[in-house]
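Shown next, in structure tokens, is the structure this report addresses.
The values are calculated or read from the model by the stated rules, or taken from the named source; none is laboratory data. All of these numbers come straight from a predicted model, not from anything done at the bench. Cβ coordinates were reconstructed from backbone atoms using ideal geometry, including for glycine residues, and neighbour counts include every protein chain displayed.
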Amino acid sequence: MRRPMATEFRSNKPKKIDKIMTEKKTGSTSKGENYEVFARDNPERPLQHIGTVQAENKELAIAHARFVYSERIWVELLIAPTNSFSNCMKPQLQGVVGMA
Amino acid sequence: MNQTSTDQTVLAEMLCLADTKWVLGHWYAKIILNGRTVPDFSSMAGMAQDELGHTRAIMNYLEQSNGLPEHQLEFGRRMDQIHNMQLLDQAPTSWADFVVTVYLAEHALWCMLESYTQGASVAVSNFCRKFAEEGYFHRIYIEGWIAALDEEEKLEAVESLKARLDLARQWFSTPDSEPLLESEVRTLSLAHCGVTFEHSVGQLTSLIGAENVVVDSSRTDTSWDSVRRRPEGSSMPARLWEYVVPTSEAAKMARRPLAVSIEDNIDLFNVKKVKDETAPFFDQ
């Protein structure tokens, strides 16, 4: 599928905002996979879950995580596909002993 | 080689990096509206911010170390004095063309930055190392974009590579002598940088399926200005220059007052140094 992009360097002509907004956009699409993002801001502290990103592939997800969660200087930032996690406990999970 | 001559070569070479990052930052700024999700917008804006921040840091350092007025390098040069990579002169014609071009530009910058990271100049090696680290995320993001191209876009990417690769390769043209290598400001030769860049090109060709591509070398100029790393006498296209440094009346009115003007006509390579004792010292 062709994804047009017009990026001529015009500065004097007014931008056609309507056209830009309705044009098919490029970059990552919303069909991507979910990734969980973890980080630690100190080597001695445990990893914390800080959010999720959605991306078409792992490379895009890494970059999204880096640019979206840049509010602190992390010593470590990790991502993992959401569907790679296994349930240990969750509400209505049958056969699990000790659920609160 | 005397100190002044080395300083001038450092100025010229650092401007090649700074000006290329300057234009690349504007390329990223232009495509922010192509994002489809909030992380997309954030990432593109972040990449633009990184590139323009690196430009600002290099220009600031060069102005301080060469005794130039503040903002001289940004607002006090004509478009034929800009050292940006010729690869970025022509606007992208499609998404695939954009992705291929920024891949080449980012990898070329990374190869060049790497040659300074172990150099004798503490300031230059420190900021080059930092820029290379931050550029890692740009490169991985662009590789993600390439991996997400569909078959039709990959064909466009091959055509783009044919048209643009030679312009990127030309950036690594080796001059008769390399004063910065002799003075150990850089520890890797331009030829070595070129070999590393070819390795990156190899990765790109395998990603888009263009192993046997025949590169168009018709746009490659034979007369080469090794100071600006551009063809002799060439200048940034007027429309790109207007985008990077708007000169319309409205833009001028909105601009903060500056102590310098292009009309000052300062000769960058022949400036009497006045050391400012109050300025921050980069080497510490």
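Couple of notes before you dig in:
- For the range B:67-87, the criterion of a residue being more than 28 Å from B:E232 (Cβ to Cβ), within 14 Å of chain A (Cβ to nearest Cβ) and crowded, with 24+ Cβ neighbours inside 10 Å is satisfied by no position.
- All positions within the range B:142-175 that are within 13 Å of chain A (Cβ to nearest Cβ) and among the charged types (D, E, K, R): B:E143, B:D150, B:E151, B:E152, B:E153, B:K154, B:E156
- Condition check for B:S94: of a type in the set (G, A, S), within 14 Å of chain A (Cβ to nearest Cβ) and crowded, with 22+ Cβ neighbours inside 10 Å: no
- Sole exception among (1) without any contact (Cβ under 8 Å) to a residue 24 or more places away in the chain; (2) under 30 Å from B:V10 (Cβ atoms); (3) away from chain A (no Cβ under 14 Å); (4) charged (D, E, K, R) for B:E242, by number: (3)
- Residue in the range B:5-21 that is part of a helix (DSSP H, G or I), within 13 Å of another protein chain (Cβ to nearest Cβ) and either in contact (Cβ under 8 Å) with a residue 40 or more places away in the chain or not small (G, A, S) (or both) present: no
- Looking across B:F131, B:F137, B:F41, one residue alone is surrounded by fewer than 21 Cβ atoms within 10 Å (Cβ to Cβ) and among the aromatic types (F, W, Y). It is B:F41.
- The residue pairs whose first member lies in the range A:56-75 and is more than 9 Å from chain B (Cβ to nearest Cβ) and at negative phi, whose second member is aliphatic (A, V, I, L, M) and surrounded by 21 or more Cβ atoms within 10 Å (Cβ to Cβ), and whose beta carbons are closer than 8 Å, counting only pairs six or more residues apart or on different chains, are A:Y69/A:V37.
- Any chance B:Y103 is within 15 Å of the chain's Cα centre (by Cα), crowded, with 23+ Cβ neighbours inside 10 Å and part of a loop (DSSP other than H, G, I, E, B): no
Here is a yes/no grid of residues against (1) within 11 Å of the chain's Cα centre (by Cα); (2) at pLDDT 95 or above:
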residue	(1), (2)
B:E51	yes, yes
B:E70	no, no
B:R77	no, no
B:Q86	yes, no
